[in-house]
Amino acid sequence: MNPVVGVLALQGAFAAHAECVASLGVSVQEVRTPEQLEHVDALVMPGGESSTMSQLLLSSGLFGAIAQRIESGMPTFGTCAGMILLASEVLDGRSDQRSFGAIDISVRRNAFGRQIDSFESSIHTPFGDFHGVFIRAPRIERTGPAVEVIGRLGDEPVLVRQGNVLAASFHPELAGDARLHEYFVTTMTTARKV
Ligand code: GLN
């Protein structure tokens, strides 16, 4: 059976992610409530503002629900702010900002510069180059031993995976290229288990 891929739709660039997933012929569900989360097999967390998303996750009751699903193995793909939300350590975060600790990386917010310093550059991966769109992007300053570096910008990790969790410091949904979403859907998600 085909998986249903959820896109966290509280804030940020969720619409472009939903379009990318839909372009692969995969069912998409926007997720704003714990009830909607129950209907998905995998979750994409978009870019946006991680501190705002953290607040909305807590007030919607989604934080605990998502933490539980990740814990039980739900494939999860976080991009930019979504990567910050998945990280085990957030540097330069707001003091009340929470993260799921789902992938053993330390990320520094806005470390590639402010909005004006956003840039585009090629990401090198074993399955080809990607056009990386970086917008006030977080920098991965540390990767734990269980983390696989899949993509690099020069020498720096920008696309990482630990088990069922995939994280990118850039915005693959804005590059008009669904290959990373395809990788997530085809290699990380399986038929609906619940
Ligand atoms: N700087 C943002 C944050 O800290 C992330 C930027 C993005 O998602 N494009 O949440």
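The values are calculated or read from the model by the stated rules, or taken from the named source; none is laboratory data. Keep in mind that this is a model prediction, so the values were computed, not measured. Cβ: placed from backbone, ideal geometry, glycine included. Neighbour counts: every protein chain shown. Heavy atoms of the whole protein, side chains included, go into the accessibility calculation; ligands, DNA and RNA do not. Shrake-Rupley method; radii C 1.70, N 1.55, O 1.52, S 1.80 Å.
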Handout entry: PHE63 without any contact (Cβ under 8 Å) to a residue 40 or more places away in the chain, within 16 Å of the ligand (Cβ to nearest atom) and not aliphatic (A, V, I, L, M)
Key = yes
Exercise for the section: Can you run down the residue pairs with Cβ atoms below 6 Å, 6 or more apart or on separate chains, where the first is in the stretch 132-155 and in contact (Cβ under 8 Å) with a residue 12 or more places away in the chain and the partner is open to solvent by 50 Å² or more (accessible area, probe 1.4 Å) and within 16 Å of the ligand (Cβ to nearest atom)? Expected result: VAL133/GLU120; VAL133/LEU174; PHE134/PHE119; ARG136/GLN115; ARG139/ARG108; GLU141/ARG108
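Would you point out which residue out of ASP117, ASP129 is acidic (Asp, Glu), within 15 Å of the ligand (Cβ to nearest atom) and without any contact (Cβ under 8 Å) to a residue 40 or more places away in the chain?
On the way: ASP129 fails: within 15 Å of the ligand (Cβ to nearest atom).
Being acidic (Asp, Glu), within 15 Å of the ligand (Cβ to nearest atom) and without any contact (Cβ under 8 Å) to a residue 40 or more places away in the chain holds for just one of ASP117, ASP129, which is ASP117.
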Exercise for the section: Take the residues in the stretch 81-110 that are out of contact with any helix residue (DSSP H, G or I) (no Cβ under 7 Å at 6 or more places or on another chain), more than 9 Å from the ligand (Cβ to nearest atom) and without any contact (Cβ under 8 Å) to a residue 40 or more places away in the chain, then tell me which one is nearest to ALA13 (Cα to Cα). Expected result: ARG108
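Restricting attention to the stretch 161-187, and to residues there that are more than 14 Å from the ligand (Cβ to nearest atom) and acidic (Asp, Glu), which single residue is least open to solvent (accessible area, probe 1.4 Å)? Walk me through it before giving the result.
Step one: of the stretch 161-187, the residues more than 14 Å from the ligand (Cβ to nearest atom) are 161-166, 176-187.
The next check asks that each one be acidic (Asp, Glu); those that pass are 177, 182.
Details: ASP177: 36, GLU182: 86 Å².
By that ranking, first place goes to ASP177.
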Handout entry: Tabulated pairs, the stretch 37-52, first near the ligand (Cβ under 7 Å from one of its atoms), second of a type in the set (S, T, N, Q) and at pLDDT 95 or above, C-beta under 7 angstrom, 6+ apart or interchain
Key = GLY47/THR79; GLY48/GLN11; GLU49/GLN11; SER50/GLN97; SER51/GLN97
Problem - Test for VAL158: is it away from the ligand (no atom under 15 Å from the Cβ) and of a type in the set (A, V, I, L, M) - result: no
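Taking the stretch 66-80 as the search range and keeping residues that are touching a residue at least 60 places away in the same chain (Cβ under 8 Å) and more than 12 Å from the ligand (Cβ to nearest atom), which one is farthest from LEU10 (Cα to Cα)? Walk me through it before giving the result.
Here is the first cut: in the stretch 66-80, the residues touching a residue at least 60 places away in the same chain (Cβ under 8 Å) are 70, 73-80.
Filter again for more than 12 Å from the ligand (Cβ to nearest atom), leaving 70, 73-77.
Working: ILE70: 18, GLY73: 22, MET74: 19, PRO75: 19, THR76: 16, PHE77: 16 Å.
Ranking the qualifying residues of the stretch 66-80, first place goes to GLY73.
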